[in-house]
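For reference, the structure discussed in these notes is given below.
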Amino acid sequence: MVIGLLGPSLPAIVEDLGISYAQAGLFFTLLSLGSLFGASLGASASDRLPRKALYAGCALCLAAGLALVGFMPGYLTVALLVFLLSVAGSPLGSIGQSIMLGAAPERRERNLSLFTTFGAAGSLLAPVLVSANFTTGLAWRFGFLETALFALALAVAIVVVRIPTAAAPKLRTNALAMLGNRRVLTTGLMIFFSVATDSGSCTGFLNISRRSWA
């Protein structure tokens with residue numbers, strides 16, 4: 001949801017922090033960089049550590065970071081928090097996906113589809129929340145504070161709900177060796193370029209917003 005909060009809030013953030021759109025573009029770079037580390041570490045940790053504690057801990061870190069963004073006064077502190085938010089929040093997807101796929105192996109495809117659907121719904125909620133805040137005259141920071149409450153509720157739900165433990169790790173194959181499989185390589189390239197296209201749309205939004213506000 002963080003990228004869904006940043007995009008619609010960007011013109012207000014630029015004005016409030018007194019920065020340029022080029023500087024604001026760093027937020028999205030840091031967001032992607034944090035996801036690169038966070039998602040990888042989360043996927044590996046979910047196979048080795050207690051998933052409930054790990055899942056709840058990531059949600060709590062995300063809630064704390066989102067709340068802090070609502071009070072950070074300067075550009076550098078907000079940029080740093082965006083990076084840390086991405087590192088802390090991106091493992092939620094990896095861990096959640098592993099839980100969904102491991103809960104009922106005979107329904108892996110259906111569970112993965114449901115997981116993706118819920119993720120899309122969350123991405124939609126963020127810009128709707130920002131729009132509602134701006135319509136009622138609230139500052140851009142309120143969106144982050146409100147989303148922090150969602151993340152806190154998620155952490156509580158994780159503690160309450162029963163989550164199956166991870167199965168014993170199976171024999172692992174080196175990631176580079178897996179790329180030797182043409183199907184794996186093709187799928188990986190398709191995901192890479194689809195995400196790159198989606199990220200590129202953020203840059204386009206920055207350019208359009210810059211012209212509109214010039």
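Each value in this text was obtained by applying a stated rule to the coordinates, not by laboratory testing. What you see is a predicted model, and the numbers here were worked out from it, not measured in a lab.
Quick notes on this one:
- Translational diffusion of region 8-63 was estimated from the Stokes-Einstein equation, with Rh taken as the Kirkwood radius over Cα pairs; at 20 °C and 1.002 mPa s the coefficient is 159 µm²/s.
- Summarising the overall dimensions of region 2-172 from its C-alpha atoms, the Rg and Dmax are 17.0, 55 angstrom.
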